[in-house]
Amino acid sequence: MAVRVFGVNLIKTNRNLLQNACKTPATTFGHTAVAQLATEVTVQASPAAVQKQKVSKAMRAYLKRANEHDEFMKTQHLEFQIGKRHLANMMGADAETFTQEDINEAISYLFPSGLYDPKARPAMKSPEEVFPARKAAEFDETGRPFHSMFYTGKPNFFQLLHDIVEETRKLADLEERMLRRGNKPDENQKLEMSGFQLLPKDQLELVLVESIADIEYSNFTNSMDRLIASPYAYKSKAFIERFLKPLLDQSKQLEVPKPKIDEQGRQFITTYECLRKTARADVTIRLPGTGKISINGKDISYFEDENCREQLLFPLQFSEMLGKVDVEANVEGGGPSGQAGAIRWGIAMSLRSFVDQEMIESMRLAGLLTRDYRRRERKKFGQEGARRKYTWKKR
Amino acid sequence: MLRKSLCNLSRFGQLPGLSRRLQSTQPEQSAETEPEDIAVIEQRILKHPDYFQVHNLFTVRDLFNARVHYGHKEGSLDDRMRPYLFGSRLGHLIFDLDKTASHLRDALNFAAHIAFRDGIIVFFNRNALNAHLVEQKAQEAGEFSHTRFWRGGIFTNANVQFDAVTRLPDLCIFLNTQNNVMAQHTAVRDAAKMAIPTIGIVDSNCNPNLITYPVPGNDDTPAAVELYCNLFKEAILRGKRERRQLLGLPPLDESQPRRSRKPKK
């Protein structure tokens, strides 16, 4: 109340100060009160015209849609809560503490499904997850859009292109000025681009909340490349970094285990859970060794097939460790090729502890450290196998 | 039709017997009178021939210095542009800048009136050289721009294109009316279909028929386009300032171009 009185007095005594208070953004509470009062009073005193409040057709339609959506979400939410309660009762659990994980478990127990695709199986999720969020209104109550490029249909994207050009021009101006003064760009501050890449299209779309065409994405990359190519690009580092993504060096990401020492004083490393198809193996590598290989107690002749033996030896040969290490493997499940693949992966993973970083990277690039997730493809009805068709002759 | 009515109105303004308030160049303000409905003022100021004083925004020399008089080569002349020509020099057509100036003043006056009435104004331009400039000036004027590929149906099928009922622009300003040298910008046709008035800079190879306020002049040179942009921006701001002043709203903050009034989610 005191503030109000103070504000009114101020209005009466000093009009100029008041107008200044209107223009400058108010920060403190006292100022805010003055500014609010001031606008009220000036509106009452000076305007020569008044405007009838109109709400545009666009805004009315939006409000209607928003209301409908809210109503819809409310009913969906209610139904979800009831469903959750039913499930909790059936499972004999407390409905209040029933989590999404419990729901998933209950559904897979109560409604077992043999459907192949997980998406086709029954599920119950909260409506926020099922129905995607919608954009807020993009215009005010008179229907005037907020964004200057609204009518392009992709305002955020074209604003981004506009900003890139703005930055590029700024840097070009700077370069020109520096050239006249005889200054050169600072080599030490040069923008380090190795290990980074521009945001891929799908991630850029997420950032912009707009879907963009391929040609538009290439427009983006071209203009970003031009910006980055500028010798003064480090001046716009903050802007550029918003659209960069670090490239992952995968072999750095995986931690290489340290070898242990066994009773005979040899280094050894064991890799458990080496999987391929339905085979499963544990592989132990010992250094120094003589190239002895034992698989389930037998030597390499455990595999009758030449191909499988080659598979086994490939990582050793690739890393030039053939004859320098001993390999012990226990393998079960699957057929010969699956078992050989499992052991191969185990050997390669274990060898990382005994070779240098460069070799690990080239092993990764050769695909030796990549788990092979392929499984047997199912037989289809009306066909002889997964792909093969029954013999068929017209007549 | 709009153009016709405004021409009639401007003649009205020259009639004797109109009140001094209408004839005066500066709008009079008296604090004692009752505030009127802005719609009444909107109607009244239409009768003034040049309420926003757009005639003092530029001179013919400014147009000449900005190279507005250069047309294209003789062979590319569109016959409908013949009345606006002064002649030809070394195979290049030259516009009559006196005619250009009067057309441009009509257009600026119209733009200022639309801005005064809180209309939505969109700047169009398909020349990549000038696109950035046009977008920037549109932002500075607090208005809209479209300098990109025109997806069909933005005007004619707007409710589907924007997934919502959408208010269409009240004025389209074309800084060039061609997509390329061969084809006209589709928005010219679409604006005509939707009865949206248009202002267009028409070069000697363009068709002015579908443009409500054609302004004959060079539409390629950056200097000329910058001049047009500045003129339209100033005219629009004059209209907006006047409205805000009448309504007693705080003046526009013109130091920083406003790209969007509300951060988007």
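Values in this text are rule-based calculations from the coordinates and carry no lab data. The model shown is predicted, which means the values in this text are computed figures rather than measured ones. Here the Cβ is made from the backbone with ideal geometry for all residues, glycine too, and neighbour counts use every protein chain on show.
The table below gives the values:
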| item | result |
| --- | --- |
| Peptide A:55-68, shielding by other chains (average Cβ, 10 Å cutoff) | 2 |
| Within 10 Å of each Cβ in B:239-252, the average number of Cβ atoms from other chains | 3 |
| Cα-based Rg and Dmax for chain A, where Dmax is the largest Cα-Cα distance (Å) | 34.7, 109 |
| Segments B:41-50, A:185-194 sorted - mean Cβ within 10 Å per residue, highest first | B:41-50, A:185-194 |
| Packing rank of A:347-355, B:185-193, B:60-68, where each peptide gets the mean count of other beta carbons within 10 Å, highest leading | A:347-355, B:185-193, B:60-68 |
| Efficiency of FRET between residue B:39 and residue A:197 - r from beta-carbon atoms, R0 60 angstrom, step 0.05 | 0.60 |
| Charge dipole (debye, nearest 20) of segment B:59-247; +1 at Cβ of Lys and Arg, -1 at Cβ of Asp and Glu | 240 |
| Given charges at beta-carbon only (K, R positive; D, E negative), |dipole| of segment A:120-212 in Debye | 120 |
| Residue of A:323, A:83, A:382 that the Gaussian network model of chain A assigns the largest fluctuation, springs spanning Cα pairs under 10 Å | A:382 |
| Cα lying deepest toward the dipole's positive end in chain A, options A:323, A:217, A:153, charges on Cβ | A:153 |
| Segment B:114-265: proportion of alpha-carbon pairs further apart than 28 angstrom, % | 19 |
| Neighbouring partner chain Cβ atoms per residue of B:160-171, average, 10 Å criterion | 5 |
| Candidates A:335, A:195, A:153: whichever shows maximal mean-square fluctuation once chain A is modelled as a Gaussian network with Cα springs under 10 Å | A:335 |
| Relative packing of A:209-218, B:220-229, which averages over residues the other C-beta atoms within 10 Å, highest first | B:220-229, A:209-218 |
| Segment B:168-247, relative contact order in percent, only Cα pairs under 8 angstrom and at least six apart counted | 24 |
| Gain on full stretching of the segment that runs from residue A:172 to residue A:189 - 0.36 nm per residue minus C-alpha separation | 4.4 nm |
| Distance between modelled label sites at residue B:160 and residue A:266, nm, 7 Å Cα→Cβ extension | 7.5 |
| Computed lengthening from residue A:234 to residue A:370, 0.36 nm per intervening residue step minus Cα-Cα distance | 45.2 nm |
| Helical contribution to [θ] at 222 nm, DSSP H n ≥ 4, -39,500 (n - 2.57), averaged over chain A, rounded to 500 | -15000 deg cm²/dmol |
| Degrees between helix A:57-91 axis and first principal axis of chain A (Cα, 0 to 90, nearest 10) | 40 |
| Zone of residue B:74's modelled label, taken as backbone nitrogen in segment B:95-118 under 16 Å from a point 7 Å along Cα→Cβ | B:95 |
| Segment residue A:207-residue A:111, length gained on full extension (0.36 nm per residue, minus Cα span) | 30.7 nm |
